[in-house]
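In what follows, a structure is listed as structure tokens, so that the remarks can point back to it.
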Amino acid sequence: MTTATQPQPQPQAPHSQQPMSQDDIRAHYEKQWGKQSRSATTLDDLSYSNPVEDEVLYPAYERLLQDLHLAPNAKHVLDVGSGSGRWIRYFLSRFSPALLVGMDYTQSSVDLLRAWHANAISPSPSQCSSPFSSPSASLVHFAHANIADPALTLSSLIPPTTSHQSSTFAHQGFDLINIANVLFHIPEQTLFEQSLRNLRALVAPTGAIVSTEYLPRATYRTNWMMVRSRYEFEAACTRANLRIAAVRAFSFFSNDPMGLDGPDTAGRSDFNAVRARMQHVLSTDSSPEVRQFMIDLFAQIERATLVFARERIAEIDLPSQKLVVLVPA
């Protein structure tokens with residue numbers, strides 16, 4: 001998909017708060033993941049994502065992999081920015097990769113992942129929720145590394161003293177790289193572009209990278225994020241010898257509506273109001289049955305809205321996050 005022929009974006013919107021650097025964001029999550037690991041008593045306590053988004057996103061991600069013939073079974077998978085392990089648990093519950101590497105730039109995340117997933121293996125086919133299931137178990141490895149580090153290498157992410165060090169994989173790269181909610185948290189342009197170059201170096205020639213992005217028409221800055229326009233994002237990918245192979249929207253209300261242009265006081269305010277009320281309902285003290293009913297209801301509203309919209313509007317123009325597939329150019 002090419003967007004470079006579209007009109008040039010408007011200047012980014014001004015911001016009232018002092019924007020955070022990547023180091024500021026890392027310091028925040030260094031504390032966050034350490035605190036969460038210490039307080040958690042079950043894996044559910046490690047969850048931080050919107051459960052409505054999970055209900056819609058996970059099947060959409062799986063369908064995307066199926067449509068693009070990217071089934072990760074018996075393959076080498078890298079999860080960048082693993083945090084508290086949301087995507088580690090996703091891949092282990094649905095697939096059986098030969099190797100699953102989780103990397104994060106905070107040591108507290110790596111410590112959390114090693115503590116909670118020390119003996120992690122993929123499920124047997126009878127337990128696996130995906131039609132892609134295979135009988136092989138996964139080797140799971142966690143690495144403390146920064147995707148924006150110019151010194152990052154493939155060999156530094158491969159578990160030592162394993163067959164993977166001497167395999168063809170060690171020379172070609174990962175078959176699938178997942179990098180969710182990471183790139184727009186790298187506000188510095190030089191670090192962002194270095195991250196794209198590192199992704200290109202880490203992915204196999206026939207592999208793919210799946211990122212979550214908003215891709216509005218105009219770049220704008222928030223305190224936490226640099227939300228790059230579709231034009232700026234694609235141009236940076238091109239410079240890194242990557243191309244956009246697919247864009248798949250997966251939510252309307254359960255994530256930030258940053259795919260919409262203009263100030264927060266404009267169209268985004270209505271979407272934010274819906275999202276806030278959704279979160280309020282889910283946080284209300286109610287029975288597990290009622291809470292699950294509301295999650296299912298909100299998820300069905302999301303799916304119905306997406307089905308209606310994608311028949312009339314380009315995926316890239318939908319209001320919230322998209323799954324963006326990058327492949328070597």
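Extension gain, HIS280 to ARG38, is 84.5 nm, computed as 0.36 nm per intervening residue step minus the present C-alpha separation. Rounded to the nearest 500, the helix-only mean residue ellipticity at 222 nm of the chain stands at -12000 deg cm²/dmol, with each DSSP H run of n ≥ 4 adding -39,500 (n - 2.57). Projected onto planes of every orientation and averaged, the convex hull of the alpha-carbon atoms in region 269-310 covers 3.1 nm². So in the chain, what percent of DSSP beta bridges are antiparallel if you round to the nearest 5? DSSP beta bridges in the chain are roughly 40 percent antiparallel.
When the Gaussian network model of the chain links Cα atoms closer than 10 Å, the mean-square fluctuations of THR42, THR153, THR212 top out at THR42.
If one computes P(r) from the Cα atoms of region 141-249, what percent of pairs lie at distances over 16 Å? Here the long-distance tail beyond 16 Å is 61 percent of all Cα pairs in region 141-249.
Can you run the Rg to Rh ratio on region 210-329? Use alpha carbon positions and the Kirkwood inverse-distance Rh.
Values: Rg = 16.1 Å, Rh = 15.7 Å.
Rg divided by Rh gives 1.03.
Per residue, how much accessible surface does the chain expose to a 1.4 Å probe? Answer in Å², no decimals.
Value for the chain: 45 Å² per residue.
Given in Å, the Rg to one decimal and the Dmax to the nearest whole number for the Cα atoms of the chain are 19.4, 56. For ALA309, the shell of other residues with beta-carbons less than 12 Å away shows a net charge of -1, using +1 for Lys and Arg and -1 for Asp and Glu. Annotation: amide H-H contacts under 5 Å for ALA245 (H modelled 1.01 Å from N, sequence separation of 5 or more, or interchain): VAL325, LEU326, VAL327.
Rolling a 1.4 angstrom probe over region 170-274 with all protein chains present gives an accessible area of which 54% lies on carbon and sulfur atoms. Around the Cα centre of region 203-329, unit charges on the Cβ atoms of Lys, Arg, Asp and Glu (plus for the first two, minus for the last two) sum to a dipole of about 340 debye. Atom-type composition of the exposed protein surface of region 56-114 places 52 percent of the accessible area on carbon and sulfur (1.4 angstrom probe).
The values are calculated or read from the model by the stated rules, or taken from the named source; none is laboratory data. These figures come from a predicted structure and were not determined experimentally. FYI the Cβ positions are ideal-geometry reconstructions off the backbone, even for glycines, and counts take in every protein chain you see. These accessible areas exclude ligands, DNA and RNA; they are computed on the full protein's heavy atoms, side chains included. Shrake-Rupley method; radii C 1.70, N 1.55, O 1.52, S 1.80 Å.
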